[in-house]
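*Asks:* Here it is, the structure in full.
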Amino acid sequence: MMAVASAPAKVILFGEHFVVHGNPALLAAINKRISVTAGTIEAEKIVIRSDIGAAGEYSGRVFKVLRGGKRARVLIDPIHDAARRALGSRDRDGGIEIDLCSEIPYGIGLGSSAASCVATVGAVGSLLGRHDRRWICERAVESERMIHKNSSGADCYISTFGGLIRYGRKEGYKKIESRESLSIVIGNTGIKHNTGEMVAGVAKFKARKPKVFQELMTRADEICSDAASALESGELERLGLLMNENQLLLQQIGVSNKKVDDLVRACGAAGALGAKITGGGGGGSIIALAANEKESARLAESIRQAGCDPIEAQIDYKGLVV
Ligand code: PMV
């Protein structure tokens, strides 16, 4: 038996980091995917191969590296965890073979870890006849927490459900319809970040300056709600201004840096309606909003000239495909 699932990358349009502390965030799925093929095998083990430089097999608690040396286990443990959660307390004989193939650059804030967990639970779950997206998403969130412990869950929700969503830890997710099509250009600074470390840095900021943090949370919350209504009414210029303001908040909580600030400024100078970090920050990626597709090509060129890699992203409305 064999099953294939794929799940998209994402950008956070508004509210990253603040979402970890209970605020809402707005997210969009984009047209870069991770595909997972899962098949049953006779041997009682879980074999995982990936094109991200790691492969290994698990027989009970015993792990054997097949490729990737010492780093292999760190990279594929969450995939293994996702597969185990999908399998649950299965009492059948035999094992599972998993092949993961990714178009999503990892460590730059595009949600590659979440997409790999979602696609793995999707593929393995499908072998057992489980297709319920919420069931899949909840398990993927738990596995993603192996990678960064205090994950808000936002990345798994957008990767599972696709399109544009508003997400909050308590309120859950809600689909948003954008009246205008969005031309978003991603700029990869080339600096890999560790989301868990960035999130821990913000927690320290909060502990040091609780009052300031609370004020920033309040403003971030308002920005998020204004942005949702700007999306729904198609006011792209307003959306851009709100992105710029969100970036100022991210600077204040210490997740921006010079390269990010320079890139955001370069996008503004090249005519972006707004630009900001997307995801964990500390390098990673920025997003810039273009007025239209033609402008988007111009923004991509200015990102290239700033020495960074551009991706002209399309919104993915499919989410998880099994
Ligand atoms: O996976 P990244 O680097 O795009 O960051 C996830 C977004 C954060 O808000 C920083 C963390 C979270 O769990 O929501």
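The values are calculated or read from the model by the stated rules, or taken from the named source; none is laboratory data. Computed from a predicted structure; not experimentally measured. Virtual Cβ from ideal backbone geometry, glycine too; neighbours counted across all protein chains shown.
*Asks:* Of the numbered conditions (1) at pLDDT 90 or above; (2) within 16 Å of the ligand (Cβ to nearest atom), Y58 satisfies every one except a single condition; which is it?
*Replies:* Single failed check for Y58: (2).
*Asks:* Looking for something in contact (Cβ under 8 Å) with a residue 60 or more places away in the chain, within 16 Å of the ligand (Cβ to nearest atom), hydrophobic (A, V, I, L, M, F, W, C) and not in a strand (DSSP E or B) - is there at least one such residue anywhere in region 98-108?
*Replies:* Within region 98-108 (the criterion being in contact (Cβ under 8 Å) with a residue 60 or more places away in the chain, within 16 Å of the ligand (Cβ to nearest atom), hydrophobic (A, V, I, L, M, F, W, C) and not in a strand (DSSP E or B)), the answer is yes, since at least one residue qualifies.
*Asks:* I would also like to ask the following. Select the strands (runs of 3 or more DSSP E) contained entirely in region 156-224, then report the ones holding at least 3 residues which are buried (at least 19 other Cβ atoms within 10 Å of the Cβ) and at negative phi.
*Replies:* On the way: elements: 164-168, 172-175, 183-188.
Filter on region 156-224 gives 164-168, 183-188.
*Asks:* Right, another one. With the requirement that a residue be surrounded by fewer than 21 Cβ atoms within 10 Å (Cβ to Cβ) and in contact with a Lys or Arg (Cβ under 7 Å, 6 or more places away or on another chain), what does region 269-309 give you?
*Replies:* Matches in region 269-309: A270, G271.
*Asks:* Within region 267-281, which residues are more than 9 Å from the ligand (Cβ to nearest atom) and of a type outside the set (A, V, I, L, M, F, W, C)?
*Replies:* The answer is G268, G271, G274, K276.
*Asks:* Something else now. Going by the structure shown, is S89 more than 16 Å from the ligand (Cβ to nearest atom) and farther than 30 Å from I223 by Cα?
*Replies:* yes
*Asks:* Determine whether R166 is in contact with a strand residue (DSSP E or B) (Cβ under 7 Å, 6 or more places away or on another chain) and among the basic types (K, R).
*Replies:* yes
*Asks:* Name the residue that is farthest from I165 (Cα to Cα), counting only residues in region 1-32 that are more than 16 Å from the ligand (Cβ to nearest atom) and either assigned to a strand (DSSP E or B) or modelled with pLDDT of 95 or more (or both).
*Replies:* M2
*Asks:* Within region 173-184, can one find any residue that is under 22 Å from the mean Cα position of the chain (by Cα), within 13 Å of the ligand (Cβ to nearest atom) and hydrophobic (A, V, I, L, M, F, W, C)?
*Replies:* Scanning region 173-184, I find no residue that is under 22 Å from the mean Cα position of the chain (by Cα), within 13 Å of the ligand (Cβ to nearest atom) and hydrophobic (A, V, I, L, M, F, W, C), so the answer is no.
*Asks:* For F63, only one of the following conditions fails: (1) under 25 Å from the mean Cα position of the chain (by Cα); (2) part of a strand (DSSP E or B). What is its number?
*Replies:* The number of the failed condition is (1).
Here is a yes/no grid of residues against (1) modelled with pLDDT of 90 or more; (2) within 16 Å of the ligand (Cβ to nearest atom); (3) in a loop (DSSP other than H, G, I, E, B); (4) surrounded by fewer than 23 Cβ atoms within 10 Å (Cβ to Cβ):
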residue	(1), (2), (3), (4)
P78	yes, yes, no, yes
R85	yes, no, no, yes
D93	no, no, yes, yes
C137	yes, yes, no, no
S143	yes, yes, no, no
M146	no, yes, yes, yes
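*Asks:* Would you mention how many residues in region 39-54 are in contact with a Phe, Trp or Tyr (Cβ under 9 Å, 6 or more places away or on another chain) and in a strand (DSSP E or B)?
*Replies:* 3
*Asks:* Being of a type in the set (S, T, Y), at pLDDT 95 or above and closer than 21 Å to G56 by Cβ is the filter here; which residues of region 95-135 pass it?
*Replies:* If the condition is that a residue be of a type in the set (S, T, Y), at pLDDT 95 or above and closer than 21 Å to G56 by Cβ, then S102, S116, T120 are the ones that fit.
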